[in-house]
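Report on the following structure.
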Amino acid sequence: MGITPTDQQLLSKIATNDGHAENSPYFDGWKAYDSDPFHPTKNPNGVIQMGLAENQLCFDLIEEWIRKHPDASICSTEGVHNFRNIANFQDYHGLPEFRNAVAKFMERARGGNATFDPEKIVMSGGATGAAETISFCLADPGDAFLIPTPYYPGFDRDLRWRTGTQLVPVACDSSNNFKITIPALTAAYDKAVKANIRIKGLLINNPSNPLGTVLDRDTLRSLLRFTNEKNIHLVCDEIYAASVFGQPNFVSIAELVEEEKWCNRDLIHILYSLSKDLGLPGFRVGILYSYNEYVVSCARKMSSFGLVSTQTQHLIAKMLSDDDFVKSFLAESKKRLARRHRIMRMGMAQVGIGSLRSNAGLFIWMDLRRLLKERSFDGEMELWHLIINDVKLNVSPGSAFHCSEPGWFRVCLSNMDDRTMEVALRRIGKFVRKSTKVEEDEMKNRRWQNNLRLSFSSRRFEEICTTPCLMSPHSPVPHSPLVRAMT
Ligand SMILES: Cc1ncc(COP(=O)(O)O)c(C=O)c1O
C-alpha cells in the first residue's frame with residue numbers, strides 16, 4: 001500500500017506540511033489554465049494564461065544566435081569536440097568562463113553602472129535556489145526576514161519551507177503607490193522583536209514583482225541605512241534588472257554599495273537569474289552574489305544541491321560573451337516589453353481599468369477595486385472566481401501576493417503572442433462593460449436629472465468609463481474634460 005501524504009508518522013514534517021504554499025489562488029489559477037488551456041483554433045473559449053511571469057518576447061533572437069553558433073552546443077557536429085571536457089566537469093565553482101560571462105552580463109543588465117566580481121558569483125537552480133540558499137546561510141529556524149507587501153508568492157516557499165525561517169510582512173498600500181517607508185519598516189521590525197522573533201534581514205525585490213515598479217535611489221539608500229543601523233542583512237532580488245523599459249532608471253543595490261562607503265558590505269546579497277531578463281526559466285540559471293566572503297564560501301558548498309549543468313553553463317558562457325549580441329538583445333527586449341506594456345495598459349484603460357504606473361517587469365498591477373461587490377478579500381475572491389470561470393482569464397489576485405488591500409490583480413503580459421493578447425483584452429472589455437452596466441445606468445439617470453443632454457452612443461461609452469466614478473486614480477488615460485464638466 002502506498003503512503004498517503006497525510007500520514008504524519010511515516011513522513012517528515014517538511015513532507016507533510018503545506019510550506020510549499022501551493023494552496024493558493026496563485027497556483028489554483030495555473031491549475032484552471034492547465035485543465036482548459038486557450039488555443040486560438042482548438043480551444044478558443046479556453047482559459048488564457050495571464051498568471052505566469054514568463055518572457056517569451058525575444059525567443060526569436062536567441063534562436064537566431066543559436067543557429068549562427070552551432071559550436072556553442074556540445075551536441076552539434078561543430079561543438080562535439082568539447083563534449084568530454086564539459087560532460088566531466090564537476091567543480092561547484094562553475095566553469096570560469098561561465099562566471100566571467102555572467103558577471104559581465106550582470107553589469108550590462110544594470111546599464112554598466114555597477115561592477116561584479118566573478119569570484120563572488122555562486123550558482124543555483126534559478127533564483128528559487130538562490131533565495132533558499134541565502135535563507136539557509138543567514139537564518140536559523142524561527143528567525144525571520146522582513147518583506148514589503150505585495151510580494152512574489154514563491155518567496156513563501158523559497159525562503160521558508162525547508163529552512164524553517166519566517167517572513168514578516170511590511171504592509172505597503174496604494175496611498176503612496178506601494179512605496180516602502182521607514183515608519184512601516186520600523187513598525188514591523190518592532191512588532192516582531194516584541195514577539196521575540198529575531199529579524200535577520202530585509203528582503204526586497206527590485207524591480208518589483210508584482211508591482212512592475214523600481215525603487216528610487218533615496219528609498220533604496222534609506223533601506224540600506226535602516227538595515228545597517230539594525231545590523232541585519234539586506235537581500236535584494238534583482239531578477240528583473242534588465243527588464244526595465246521606461247523611466248525612472250533602475251538603481252541596483254550594487255551601485256549603492258560602490259557609492260556609499262559607510263555601508264557594511266558583509267550585509268549585502270543579490271539574487272539574480274536568467275529566467276526573466278533572458279527568458280530562460282527552463283535553463284535554471286540562478287545566481288547568488290554576496291559581498292560577504294563567508295556567505296560565498298558556504299553558499300558555494302551548498303550549491304552542490306542545485307548546480308547548473310555544465311552543458312548549460314557552456315552555452316550561456318558563449319552566448320553572454322558575445323558583446324554585440326548582448327547589447328542588441330537587451331535593447332530589443334526593452335523595446336518589445338515597452339510596446340506590450342503600452343498596448344495592454346491602454347487597452348485596459350479604454351474600458352476604464354486603471355493600473356499602477358509602472359516601467360519594469362513582465363506584468364501590470366491592475367486596479368479592480370471598483371468592481372468589488374464588497375471591499376474585502378472575500379469580495380476579491382468572488383471577483384477572481386468570476387474572472388477565471390466566466391471571463392476565462394487566469395490573472396492573480398492581490399491576496400496571493402499578501403497585498404494589504406483588496407481589489408488589485410496581477411496581469412502578466414509577455415507570455416503570449418499578440419493575437420492572444422487581443423483576445424484577452426476583448427474579454428476584459430466585455431466583462432467590464434457588463435459589470436459596469438449598473439453604474440452606467442445610474443449615471444445616465446444622474447445626468448438626466450441634471451438636465452444635461454448626452455447621447456449614449458457606443459463611442460461615448462469610453463468616456464463614461466473614464467469618469468471619476470468608474471475610473472481608477474491609477475489610470476493612464478486622462479479623465480475626459482467633457483465628462484468631468486458634466487458630473
Ligand atoms: C521576484 C522573483 N524572484 C524569483 C523568481 C524565481 O525565478 P527562477 O525561475 O529563476 O527560479 C521569480 C519568478 O517568477 C520572481 O518573480
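The values are calculated or read from the model by the stated rules, or taken from the named source; none is laboratory data. Note that the structure is a prediction, hence the values are computed from the model and not measured. Every residue, glycine among them, receives a Cβ derived from its backbone with ideal geometry; neighbour counts consider all protein chains shown.
Some notes on this structure:
- The residues listed here are F145, F136; of these, the one that is within 25 Å of S297 (Cα to Cα) and more than 22 Å from the chain's Cα centre (by Cα) is F136.
A quick yes/no check of all residues on (1) in contact with a strand residue (DSSP E or B) (Cβ under 7 Å, 6 or more places away or on another chain); (2) under 28 Å from R160 (Cα atoms):
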| residue | (1), (2) |
| --- | --- |
| K42 | no, no |
| Q49 | yes, yes |
| N82 | no, no |
| N88 | no, no |
| H93 | no, yes |
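- Taking segment 137-153 as the range and being within 16 Å of the ligand (Cβ to nearest atom) and either in contact with a Lys or Arg (Cβ under 7 Å, 6 or more places away or on another chain) or assigned to a helix (DSSP H, G or I) (or both) as the test, only F145 passes.
- Check on V351, over 30 Å from I66 (Cα atoms) and either assigned by TED's automatic domain parsing to the domain that holds P207 or surrounded by 15 or more Cβ atoms within 10 Å (Cβ to Cβ) (or both): yes
- In segment 383-426, residue surrounded by the most Cβ atoms within 10 Å (Cβ to Cβ) [restricted to those that are under 16 Å from the mean Cα position of the chain (by Cα) and in a helix (DSSP H, G or I)]: G398
- Of all residues in segment 40-83, those being in contact with a Phe, Trp or Tyr (Cβ under 9 Å, 6 or more places away or on another chain) and closer than 23 Å to C412 by Cα number 13.
- If you go through segment 29-48 and pick out every residue that is in contact (Cβ under 8 Å) with a residue 24 or more places away in the chain and not hydroxyl-bearing (S, T, Y), you end up with 11.
- Within segment 97-109, not a single residue is assigned by TED's automatic domain parsing to the domain that holds C137 and over 27 Å from S243 (Cα atoms).
- Filtered by the rule that a residue be in contact with a strand residue (DSSP E or B) (Cβ under 7 Å, 6 or more places away or on another chain), more than 21 Å from A109 (Cα to Cα) and not β-branched (V, I, T), segment 231-265 gives a lone residue, H233.
- Tally, over segment 164-191, of residues that are within 16 Å of the ligand (Cβ to nearest atom), surrounded by 22 or more Cβ atoms within 10 Å (Cβ to Cβ) and over 14 Å from T219 (Cβ atoms): 0
Every residue, every condition in (1) at pLDDT below 95; (2) within 16 Å of the ligand (Cβ to nearest atom); (3) of a type outside the set (G, A, S), yes or no:
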| position | (1), (2), (3) |
| --- | --- |
| L234 | no, yes, yes |
| A254 | no, no, no |
| E260 | yes, no, yes |
| D266 | no, no, yes |
| L280 | no, yes, yes |
| Q313 | no, yes, yes |
| M319 | no, no, yes |
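Here's the yes/no breakdown for (1) touching a Pro at 6+ places or on another chain (Cβ under 8 Å); (2) of a type outside the set (S, T, N, Q):
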residue	(1), (2)
N177	no, no
R198	no, yes
R221	no, yes
R225	no, yes
D237	no, yes
S243	yes, no
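- Selected residue (only one of E442, E380, E463 is modelled with pLDDT under 65, assigned to a helix (DSSP H, G or I) and buried (at least 16 other Cβ atoms within 10 Å of the Cβ)): E463
- Filtering segment 192-217 to residues that are of a type in the set (S, T, N, Q) and either in contact (Cβ under 8 Å) with a residue 12 or more places away in the chain or within 16 Å of the ligand (Cβ to nearest atom) (or both) leaves N205, N206, S208, N209, T213.
- Taking (1) assigned to a loop (DSSP other than H, G, I, E, B); (2) in the same structural domain as G306 (by TED's automatic domain parsing); (3) in contact (Cβ under 8 Å) with a residue 40 or more places away in the chain in turn, S76 satisfies each apart from (3).
- For segment 268-277, taking the residues that are in a loop (DSSP other than H, G, I, E, B) and within 8 Å of the ligand (Cβ to nearest atom), the one that is surrounded by the most Cβ atoms within 10 Å (Cβ to Cβ) is identified as L274.
- V308 satisfies every condition listed in (1) in the same structural domain as Y151 (by TED's automatic domain parsing); (2) assigned to a helix (DSSP H, G or I) except (2).
- Residue in segment 245-252 that is more than 14 Å from the ligand (Cβ to nearest atom) and more than 20 Å from the chain's Cα centre (by Cα) present: no
- You will find that of M123, M106, the residue that is among the aliphatic types (A, V, I, L, M), part of a strand (DSSP E or B), within 16 Å of the ligand (Cβ to nearest atom) and surrounded by 17 or more Cβ atoms within 10 Å (Cβ to Cβ) is M123 and no other.
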